[in-house]
């Protein structure tokens with residue numbers, strides 16, 4: 001099983017750019033003579049023919065699926081009601097996870113000591129699309145449940161967007177632990193770039209583009225829903 005979290009768009013572009021070519025003459029090196037020799041990539045043929053299996057291509061027949069329910073608002077408070085009627089209506093709905101079900105710290109982030117993003121929001125959302133609850137069950141059931149069936153009561157608030165409004169004196173506090181809505185402070189050092197260019201032996205300029213990489217995937221995407229992954233029984 002492989003993951004598609006790589007730059008396959010660039011690979012496809014490269015193949016289309018080259019066009020039809022003769023089969024590569026690659027000879028497997030003898031044992032002990034592999035260093036420096038051309039070797040066939042073990043999974044290369046499967047990738048080219050499309051027969052390789054990826055993580056989203058198959059799942060055990062008895063697997064449970066998890067669907068994250070996300071905020072439709074940029075900024076809002078919310079409360080959760082009784083989930084029992086929903087579970088009774090949908091027998092295939094095994095569980096509904098909330099912030100209370102997250103063990104330990106309900107937070108993650110890119111900084112080593114700053115985990116400011118909740119796994120599941122706890123009564124307050126800071127951006128449109130923030131995960132609020134997670135439905136766990138068979139694929140057909142969680143795809144059938146509509147968002148308007150969920151007992152979530154929303155209280156929409158004015159969004160705080162852009163660079164200036166969040167740090168203005170009258171801006172609402174988005175995180176209790178970060179006064180002024182400043183997540184982290186750092187220092188950037190810059191030298192004398194003009195002198196550096198003037199004394200450079202060679203200068204190379206180019207424009208670069210990188211592909212978007214999503215850390216989660218799914219092959220089940222019913223209209224209006226976000227299905228975030230698979231949970232094995």
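The values are calculated or read from the model by the stated rules, or taken from the named source; none is laboratory data. This one's a predicted model, so the numbers in the text were calculated from it and none came from an experiment. Note that we place each Cβ from the backbone using ideal geometry, even for glycine, and neighbour counts take in every protein chain shown.
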**Complete:** If we ask which residues in the stretch 146-174 are surrounded by fewer than 14 Cβ atoms within 10 Å (Cβ to Cβ) and either in contact with a strand residue (DSSP E or B) (Cβ under 6 Å, 6 or more places away or on another chain) or within 28 Å of residue 96 (Cβ to Cβ) (or both), their number turns out to be 6
**Message:** Show me the strands (runs of 3 or more DSSP E) found entirely inside the stretch 75-142 where at least 2 residues are in contact with a helix residue (DSSP H, G or I) (Cβ under 6 Å, 6 or more places away or on another chain).
**Reply:** none
**Prompt:** Residues in the stretch 19-27: is at least one surrounded by 13 or more Cβ atoms within 10 Å (Cβ to Cβ) and either part of a helix (DSSP H, G or I) or at pLDDT below 95 (or both)?
**Reply:** no
**Item:** Residue in the stretch 77-86 that is in the same structural domain as residue 140 (by TED's automatic domain parsing), within 20 Å of the chain's Cα centre (by Cα), surrounded by 16 or more Cβ atoms within 10 Å (Cβ to Cβ) and farther than 18 Å from residue 143 by Cβ present
**Value:** no
**Complete:** Within the stretch 58-73, of all residues that are modelled with pLDDT of 95 or more and part of a loop (DSSP other than H, G, I, E, B), the one surrounded by the most Cβ atoms within 10 Å (Cβ to Cβ) is 71
**Asked** Would it be correct to say that residue 93 is in the same structural domain as residue 153 (by TED's automatic domain parsing) and crowded, with 18+ Cβ neighbours inside 10 Å?
**Response** yes
**Item:** Cβ pairs under 7 Å, 6+ apart, first in the stretch 183-212 and over 30 Å from residue 10 (Cα atoms), second assigned to a loop (DSSP other than H, G, I, E, B)
**Value:** 183/116; 197/203
